[in-house]
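First the structure, which I've put down as structure tokens, then a few questions once you've had a look.
The values are calculated or read from the model by the stated rules, or taken from the named source; none is laboratory data. This one's a predicted model, so the numbers in the text were calculated from it and none came from an experiment. Neighbour counts are summed over all protein chains in view; Cβ atoms, including those assigned to glycine, are modelled from backbone coordinates with ideal geometry. With ligands, DNA and RNA removed, areas are computed over all heavy atoms of the protein, side chains included. Shrake-Rupley method; radii C 1.70, N 1.55, O 1.52, S 1.80 Å.
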Amino acid sequence: KWPAPPAEVFALLGRLTERAHGPLGPCLPGLAVDGPATPADLAPRLPPIGAAMVMSGFDPSVDKELRQALSVTASDGQGPRSERAENATGLRPGDPVGVSLIHGDLEMGATGTVTHVDGNRVYGFGHPFLNLGPTAYPMTRAHVFTVLPSLDSSMKIAAMGPVIGTMGQDRSTAVGGTLGAGPRELEVNLTLTSDRAPDRQFRFYVLHDQILTPLFSYVAILNSLICYEGQAGAMWVAATGSVSFGSNGVVQIDDAFTGDTAPALVSAAIAAP
């Protein structure tokens, strides 16, 4: 038989129970207030909610660096590849919804919750995604397979679906958009030809944005190179192709790079125009 716990243990448990059921007070680390804490006392200590990113087909090192750069939370996803929806389908408050950065053979975006639907207008997340103001994100359906709850950092396993509209606003309190046709995007057709493997072809779509289009074009091309050709060691890479700007003309690409950083250099050369 174990000895009976001392009275001090019961007293400690009693204090913990009172603290758990009582209002927030000066027990919070680093918070010194007289009496129970008010929302005004707590507000400066509340961090903003991060968007739950979904990445499929990306090398773990690229995944980690992107999450750190975008300051977003984790959400694992290996769902079906996105395809354009011919007809917009309705959303209801509480439904999952996605914002796409890249879709096709590579998948990158964020999932959140629909807050309110007004006709074909959709408001979601309840917090910013990247807080870029006016935007043109493809709005997608999303599916949450399960949630992994944690007092430290919960995570949901989600996948993004077809494009069903355009998210035109990314503000401090929400993202908002309209159901219907998706926005204009950059279509990337990439063929990798190597002496060590058969040709590999990729097609993906990158959102149209002055800041983000070059970044995510670079990320997608670099990821394709390091995943299907090589990430370390000296390499020689030749790049040929073109970038079309519609009525503004075409930029031809014809260059070669060598050395340990050849994949990064060629990806930057393609994304630069």
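Before we move on, is Asp260 acidic (Asp, Glu) and touching a Gly at 6+ places or on another chain (Cβ under 8 Å)? Break it down into steps so the answer makes sense when it comes.
Values: acidic (Asp, Glu): yes; touching a Gly at 6+ places or on another chain (Cβ under 8 Å): yes.
For Asp260, the condition - acidic (Asp, Glu) and touching a Gly at 6+ places or on another chain (Cβ under 8 Å) - is met.
So, one more: Hey, can you tell me all the residues within segment 201-242 that are under 17 Å from the mean Cα position of the chain (by Cα) and aromatic (Phe, Trp, Tyr)? First the steps, then the outcome.
So in segment 201-242, the residues under 17 Å from the mean Cα position of the chain (by Cα) come out as 204-209, 211-220, 223.
Selection gives Phe204, Tyr205, Phe216, Tyr218.
Matching residues to (1) crowded, with 16+ Cβ neighbours inside 10 Å; (2) within 14 Å of Gly104 (Cα to Cα); (3) at pLDDT below 90:
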| site | (1), (2), (3) |
| --- | --- |
| Asn189 | no, yes, no |
| Arg203 | no, yes, no |
| Glu229 | yes, no, yes |
| Gly241 | no, no, no |
| Ser244 | no, no, no |
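Quickly run through segment 146-185 and pick out the residues that are open to solvent by 60 Å² or more (accessible area, probe 1.4 Å), not polar (S, T, N, Q) and not in a loop (DSSP other than H, G, I, E, B).
Val147, Leu148
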